[in-house]
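Peer 1: After the structure tokens below, expect a handful of questions from me.
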Amino acid sequence: MQYRIDPKNGKELSILGFGCMRFPSDNNETERLIIKAIEAGINYFDTAYIYPNSEQRLGSILTKHNLRDKIYIATKLPLIYVRKMEDFDRFFDEHLKRLQTNYIDYYLMHMLPDMHLWNTLVSMGIREWIEKKKKSGEIRHIGFSFHGTSADFLALLDAYDWEFCQIQYNYVDEYNQAGVNGLKAAAKKGLAVIIMEPLLGGKLATHLPAKAILAFAEADKSISPAGWAFRWLYNQPEVTCVLSGMSSFSQLQENIKTAENAKPNMLTEIEKAVFAEVKETFLKSQKIPCTACNYCMPCPENVSIPGCFNAYNASYSISFMAGLQQYILNAGVASTIPATASRCSGCGKCEKHCPQAIEIRKQLKAVEKRLEPLWFKGVIKIARKFMGR
């Protein structure tokens, strides 16, 4: 495993980090994955309060195998639930309990979007609270994760003496959110920069249009689309660590191999041109920029929002029938309660939590129009009755 230096403290962070939002459902498989990852040299594990059962599972496995001191744990204060100063300690104590530890290596303000929320946190006493926790050693390094505009990101960089940050960044999002300008600005200030969504919720690995896949294959068929995406990130020296939500041993092995062969500034001009071609093709195929992060869930009406959007995009990028089949299976027939777009009541709760600022209610109407033709409800009703739903 290769490592890059955290500029603030000199620690070596593995260039491949383990994102803990998408653990396998099987606990034994998750345990084996984590152990293998640590044995391979991965030492940065990223979780969060709001990732379902993630902190608990990670903490249990690390304690069982006495691995806590071999890695750095990153977790996040759930700002969407913070209402008063007392909430800081309430959530932090819960982190420690779940993770079975007495300190957090890298602690983030989760989805800090702009100066308005930061100023609100300051008025609650967040500066003093952070100072207290750092003095006690319970927080080793402080940072924030970000989904927002480039201007807001640059303002936040100057608002506090941060030690690291976490941004959504990939070859499609080069100029979205914090973007390449934010990456370089953070690095210039001496912050470690942690990358999330390197594959855009898996889309850059498994949902590329055929034309894009062909472009990569013609350049080097030995490298998978996921491998290409990671190489694009590792090419940039400002990137400290790239998170991957690995849920299988094949993903782990491939990502380790890519990381072991990665170097800053390794891409040729020809390869950079391939990325430009793939990006253009991909953007033409994606109607809704959903990354399936699930921050919009659960829906009060049981709408499978990411599932609906994924099927909708597939109906354009792959074929209409492929998208419709995916929609029927994931949102209509197999679920205990129907999870189709037409169930949306328009409450808007989901839109408050979407990192991509998607107009979810509007887009669900588009999904309904395209993937729920006149015959849809009748056929689904019969199919569900047949399946005992």
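Peer 1: Can you pick out the pairs among 76/134; 70/133; 36/257; 76/189; 221/257 whose Cα atoms lie more than 18 Å from each other?
Peer 2: Numbers: 76/134 15 Å; 70/133 22 Å; 36/257 14 Å; 76/189 22 Å; 221/257 15 Å.
Where the Cα-Cα span goes over 18 Å, the pairs concerned are 70/133; 76/189.
Peer 1: If you take every DSSP beta bridge fully contained in the chain, what fraction is antiparallel? Give it as a percent rounded to 5.
Peer 2: Just about 10 percent of them are antiparallel.
Peer 1: Could I ask something else about it? Given the rule -39500 (n - 2.57) for each run of at least 4 DSSP H residues, summed and divided by the residues of the chain, what is its mean residue ellipticity at 222 nm, to the nearest 500 deg cm²/dmol? Numbers along the way, then the final one.
Peer 2: Numbers: 16 runs with 174 residues, N = 389.
Roughly -13500 deg cm²/dmol at 222 nm, from the helical runs in the chain.
Peer 1: Of 203/365; 97/135; 188/349; 8/287, which sit over 30 Å apart, Cα to Cα?
Peer 2: Values: 203/365 22 Å; 97/135 20 Å; 188/349 37 Å; 8/287 40 Å.
Distance filter (> 30 Å) returns 188/349; 8/287.
Peer 1: Using Cα pairs under 8 angstrom and six or more residues apart, how large is the relative contact order of the chain, in percent? Don't skip to the end; give the middle numbers.
Peer 2: Numbers: 631 pairs, mean separation 54.0, N = 389.
About 14 percent, as a whole number.
Peer 1: Right, next: Looking only at chymotrypsin sites (Phe, Trp or Tyr not before Pro) in DSSP loops with at most 12 other Cβ atoms within 10 Å, what is the longest site-free stretch of the chain?
Peer 2: 176-374
Peer 1: For each cysteine in the chain, check whether another cysteine's C-beta sits under 4.7 Å from its C-beta; list those where none does.
Peer 2: So, 20, 165, 241, 290, 293, 299, 308, 344, 347, 354.
Peer 1: Go through 3, 291, 367 and say which Cα lies farthest out towards the positive end of the charge dipole of the chain; charges sit on Cβ, +1 for Lys and Arg, -1 for Asp and Glu.
Peer 2: 367
Peer 1: Select from 315, 252, 130 the residue farthest towards the positive end of the dipole of the chain; place +1 on Cβ of Lys and Arg, -1 on Cβ of Asp and Glu, and compute about the Cα centre.
Peer 2: Selected residue: 315.
Peer 1: In the chain, which helices (entire DSSP H runs) extend 24 Å or more along their own long axis, judged by Cα positions, while averaging at least -1.0 on the Kyte-Doolittle scale?
Peer 2: 269-285
Peer 1: Report which label in (1) 1.00; (2) 0.94; (3) 1.35 holds the value of Cα Rg over 2.2 N^0.38 Å derived from the coordinates of this structure.
Peer 2: (1)
Peer 1: Could you work out the local net charge near residue 351, counting Lys and Arg as +1, Asp and Glu as -1, over the other residues with Cβ closer than 9 Å to its Cβ?
Peer 2: With Lys, Arg at +1 and Asp, Glu at -1, the neighbours total +2.
Peer 1: Excluding residues fewer than 8 places away in the same chain, name every one of the aspartates and glutamates whose C-alpha is closer than 14 Å to that of residue 377.
Peer 2: Qualifying aspartates and glutamates at Cα under 14 Å: 368.
Peer 1: Now a separate question. If you add up the charges near residue 154, with Lys and Arg at +1 and Asp and Glu at -1, over every other residue whose beta carbon is less than 13 angstrom from its beta carbon, what do you get?
Peer 2: Every neighbour counted, the sum reads 0.
Peer 1: Take 321, 109, 85, 196 and order them by how many other Cβ atoms sit within 10 Å, fewest up front.
Peer 2: Details: 321 10, 109 26, 85 15, 196 23.
By the 10 Å Cβ count, ascending, the order reads 321, 85, 196, 109.
Peer 1: Hey, another quick one. List the aspartates and glutamates whose Cα lies under 14 Å from the Cα of residue 279, skipping any in the same chain that are fewer than 8 positions away.
Peer 2: 173, 174, 271
Every number in this text was worked out from the coordinates using simple rules, so none of it is lab data. Only a predicted model underlies this, so the values are computations on that prediction, with no experimental measurement involved. Positions of Cβ are generated from backbone atoms using ideal geometry, with glycine treated the same way; all protein chains shown enter the neighbour counts.
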